[in-house]
Each structure stands twice: as structure tokens, then as C-alpha cells.
Amino acid sequence: MAFKSSIGVIFLACLVVLASSAVPKNGKRKPVNPPARAAADDAERDAEITNSCPDDGFFADAEQCDKYYECRDGKIIEKLCPDGMVFNDYSPDEEKCDLPFNIDCSQRPKLQTPIPAQHCPRQNGYFSHSDPKECGKFYYCVDGKFNMITCPDGLVYNDKSGICTWPDEAKKKGCGASDVFQFDCPLVNETFGLTHPRYADPEDCQFFYVCINGNTPRRSGCKLGQAFDDVIKKCEWARKVPECADWYKGQLTDSELDALENPPTPKPKPAGSPSRRKPMRPGKGKQIEVDEE
């Protein structure tokens, strides 16, 4: 009998061990398909933003940079900026569409489907020239009509800012400083490079290059009638720079060069010259009092 009871005790113990091993350690079993409550909450918030107005005014869309809403008396009107423009949400009282360069669209990057035209990827805005080798030319588009604009000499169109900048600032492929200027800064040590050394333009006496930190060239120029003296590293009258003495021949006469080098000195005003200022007149109804001695 003692043997049978021992077997029974062992059997019951095994059942307890098996039962306990079948239950997770945390005592709670996760459901197979949990409710997507988080997604539902997001949808409700989006619906609330889209279907109700916080106040009268103009408000940006949360996802699309060129979409916005006009709220009037609790009613919402969905609107789109002209193609190529984005909504400027600086003030709910102002309905203003602006160029993308002036607005941060990183948090709402979506845009409407573009409507391209000749040289215009979108109907409005500034865009690079269709030929990537034309670094200093770009298009300004209004309602699908383009105008080509040329940057000042030495500058290239910057896609990120929509303006003309130095090649090293634009960081445009095929339009680096070496590509645009056909000039490479000579190798110098780090200390000398910090002085931003200057070098004469080998093709044009009036111009020179400033090598920023000794390695990034930027083209600059002297005044009309002057040339860059590569010995003293500054602009001087061309006739005083031996290798550039005849640079302006055929462009300026000797008398014109003389006038540039020796501008006339303005004549001083003669002492006691009459003033051109009109005398003050007494106002109506006022009497001028004169002291009598």
C-alpha cells in the first residue's frame, strides 16, 4: 500500500510540473491578432484635423507642401498652390504661395503632380539649364513660359538656393571651380593657404584668382584701366605693369586711360558763396518781433 501511495504522489507532482510549464512566465498570453488601437488613434487625429477648423484662416496640409486649407465659419475649403509653388504658413491670416527655396518642406514633402512645359519641369519656379554644361544659365518659369537668365561671370546657378553662387558653394556636378575657371590653385602649405593667396589670371590681365584657404579658386577683377600685378599681388594701372602695358589698346585711347588714372579734382566752393537754401518764411498769423535798442 505504501508503494502505491508513493506512485500516486509522484504522478500528481508530474501533473503540476507539466501544468506550470504550459503557462508563460508573465502569466499572460498575448492575443494572436491584437487590436490596432494606435493606428485607429492616428486616423481619428487626422480626421479631426481634416474635418474641423481650429479657427478662421489659412492652414498648411500636414503632408503636402503645396496643399493648404481655408477655414471660414467652420467650413473647410481645400486648395492647391500653382504648380511649382508651395504654401507659406507664416501667418494664418495670409494666403500666400511661395517658391520652395524660401520654405522648409522637410516635414511635408509631398507635392502635386507636375505639369511640365518647355524648359520648365513645373509651371513656376527657377530651374537649371537643360544642358548640364551650361553652369551659369538657368530658367525662370511663370505659368509654363520660360525666360533664360545668365549668372555674372564666374558664378553658377545653385539648385538648392535658386540664385547664382560661387561654384564651390553650389556643389553642382560638372560645375566645380576647376571646371568653370579652368584654373587650379597651386599647392601651398597650410599656413600660407590661410592667407587666401592671389594669382593673376593667365588669360586676362584685368582679372585674378583668390584661392580660398589655398585650394578653392574664386575669380575677381580690377577696375577698368587696371591690371593685376602678380609681383605686388594687387591691382595697378595697366601701363605700370610691364606684361599688361598694352592690354587696353584698341579698347581705350591714351587720353581715356589718362582720365582714368588722373580723375579731375573737384573744385572747392569759394568762401562766402551764397546759400541755395530758401529763406524761412514766417507762418501765417505770426508776427516777427524785432528787438529795439
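The values are calculated or read from the model by the stated rules, or taken from the named source; none is laboratory data. Since the model is a prediction, treat every value here as computed from it, not as a measurement. Note: ideal-geometry Cβ built from the backbone for every residue, glycine included; neighbour counts use all protein chains shown.
Before moving on, here are some points about what is shown:
- Which numbered condition Cys205 misses (of (1) part of a loop (DSSP other than H, G, I, E, B); (2) surrounded by fewer than 17 Cβ atoms within 10 Å (Cβ to Cβ); (3) assigned by TED's automatic domain parsing to the domain that holds Val241): (2)
- Taken together, the residues in the stretch 85-111 that are in a loop (DSSP other than H, G, I, E, B) and out of contact with any Cys (no Cβ under 8 Å at 6 or more places or on another chain) amount to 12.
- Residues in the stretch 105-119 that are within 21 Å of Pro54 (Cβ to Cβ) and not polar (S, T, N, Q): Arg108 alone.
- Looking across the stretch 208-237, just one residue is surrounded by 20 or more Cβ atoms within 10 Å (Cβ to Cβ), small (Gly, Ala, Ser) and within 23 Å of Ser178 (Cα to Cα), and that is Ala227.
- From Leu18, Leu99, residue being modelled with pLDDT under 50, among the aliphatic types (A, V, I, L, M) and outside the structural domain of Tyr157 (by TED's automatic domain parsing): Leu18
- Checking each residue in the stretch 103-115 for being farther than 21 Å from Gly144 by Cβ and exposed (fewer than 14 other Cβ atoms within 10 Å of the Cβ) picks out Asp104, Ser106, Gln107, Pro109, Lys110.
- Listing of strands (runs of 3 or more DSSP E) fully contained in the stretch 116-201 that carry 3 or more residues being assigned by TED's automatic domain parsing to the domain that holds Asn215, in contact with a Leu (Cβ under 7 Å, 6 or more places away or on another chain) and surrounded by fewer than 13 Cβ atoms within 10 Å (Cβ to Cβ): none
- Any hit, the stretch 156-168, residues being in contact with a strand residue (DSSP E or B) (Cβ under 6 Å, 6 or more places away or on another chain), farther than 30 Å from Pro100 by Cα and not β-branched (Val, Ile, Thr): no
- Extreme residue, nearest to the chain's Cα centre (by Cα), among residues of the stretch 194-225 that are touching a residue at least 40 places away in the same chain (Cβ under 8 Å) and under 12 Å from Ala238 (Cβ atoms): Gln206
- Extreme residue, farthest from the chain's Cα centre (by Cα), among residues of the stretch 104-117 that are polar (S, T, N, Q) and modelled with pLDDT of 95 or more: Thr113
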